[in-house]
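The values are calculated or read from the model by the stated rules, or taken from the named source; none is laboratory data. Remember, predicted model here, so these are calculated numbers, not experimental data. Here Cβ is always computed from backbone atoms with ideal geometry, including for glycine, and neighbour counts include all displayed protein chains.
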Amino acid sequence: MKVYLLLSVVLMALLVAGCSGSGKSDINTEDPDKAFDIAKANYDKKDYVQAIEDFSLIKVKFSGTNISDKAQFFLGMSYLKQQEYILAAYEFEYLLKNYATSKYSTDGRFQLAMCYFGMSPKWSLDQTYTHQAITEFKNFLELFPTDKNAPDAEAKIKELRNKLAYKELKSADLYLTMESYKAATIYYENVVSDYFDTDYADDALYGKINSLVVRKKYDLARTEIARFESKFPGSNLLAKVKSLKNTLPLQ
């Protein structure tokens with residue numbers, strides 16, 4: 001999946017680079033440090049279109065100099081600020097590949113994950129980018145567990161996993177509405193098993209109990225009720241679960 005995504009990123013970057021370069025960079029110096037200062041000033045003014053022009057020129061004109069890595073990083077950031085996530089991802093991948101030892105590589109890896117986070121669509125659509133964002137945030141945390149951005153990465157993973165859990169939960173709810181109770185039971189269990197740490201795990205287990213009761217799988221329902229009481233004692237659904245428990249026939 002990642003290979004496919006990266007190929008898409010590269011192709012898009014080449015297409016845009018070939019079509020959109022205006023050649024209107026502010027840089028007219030041969031000094032790489034001064035060139036970077038000009039580009040960074042535009043970035044700081046939030047003139048990201050101009051910053052992209054400038055950093056793109058620096059990338060070519062001052063390749064291999066002492067500013068190459070930071071210019072590459074801010075080129076990615078300029079695209080990211082413009083919400084041009086595919087192009088930003090390409091530039092951050094370039095940074096990580098070509099400047100692996102740079103001090104900007106840590107932030108670059110986090111921002112790469114943020115690119116995929118930005119491309120993650122609403123829950124009802126295909127979640128390929130959501131999965132990729134989770135992977136990239138996990139990669140970042142594995143390499144830099146104590147970095148300043150680690151708490152944000154953990155929060156983003158939780159947010160993305162909540163989205164995936166909600167998508168699965170809505171599928172289960174749909175099967176329940178269609179009276180496909182066996183399928184609903186399976187989908188609810190998928191949420192409980194795969195997304196146990198999300199905000200929707202208790203909803204899913206309650207849904208599964210409902211499905212089992214409708215199917216008259218009373219012994220299994222009792223088992224899941226006990227599981228619910230153990231795992232989610234503070235859930236606002238606990239009263240409903242206990243009410244369902246009281247409707248079960250005596251053993």
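Of note:
- Qualifying residue in segment 171-194 (condition: in contact (Cβ under 8 Å) with a residue 12 or more places away in the chain, surrounded by fewer than 20 Cβ atoms within 10 Å (Cβ to Cβ), basic (K, R) and in a loop (DSSP other than H, G, I, E, B)): no
- Scanning segment 13-46 for residues that are modelled with pLDDT of 95 or more, crowded, with 16+ Cβ neighbours inside 10 Å and under 16 Å from L80 (Cβ atoms) yields A39, K40, N42, Y43.
Residues are listed down the side, and each one gets a yes or a no for (1) small (G, A, S); (2) on the phi > 0 side of the Ramachandran plot:
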{"position": "D37", "(1), (2)": "no, no"}
{"position": "A51", "(1), (2)": "yes, no"}
{"position": "G64", "(1), (2)": "yes, yes"}
{"position": "I67", "(1), (2)": "no, no"}
{"position": "A71", "(1), (2)": "yes, no"}
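- Checking A153 against (1) surrounded by fewer than 19 Cβ atoms within 10 Å (Cβ to Cβ); (2) without any contact (Cβ under 8 Å) to a residue 60 or more places away in the chain, the condition it does not meet: (1)
Okay, residues lined up against (1) within 15 Å of N42 (Cβ to Cβ); (2) free of Cβ contacts under 8 Å to residues at least 60 places away in the same chain; (3) among the hydrophobic types (A, V, I, L, M, F, W, C):
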site: K70; (1), (2), (3): yes, yes, no
site: F74; (1), (2), (3): yes, yes, yes
site: Q83; (1), (2), (3): no, yes, no
site: Y90; (1), (2), (3): no, no, no
site: E93; (1), (2), (3): no, no, no
site: L96; (1), (2), (3): no, yes, yes
site: Y99; (1), (2), (3): no, yes, no
site: K103; (1), (2), (3): no, yes, no
site: G108; (1), (2), (3): no, yes, no
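- Subset of segment 220-235 [touching a residue at least 24 places away in the same chain (Cβ under 8 Å) and of a type outside the set (A, V, I, L, M, F, W, C)]: R222, K231, S235
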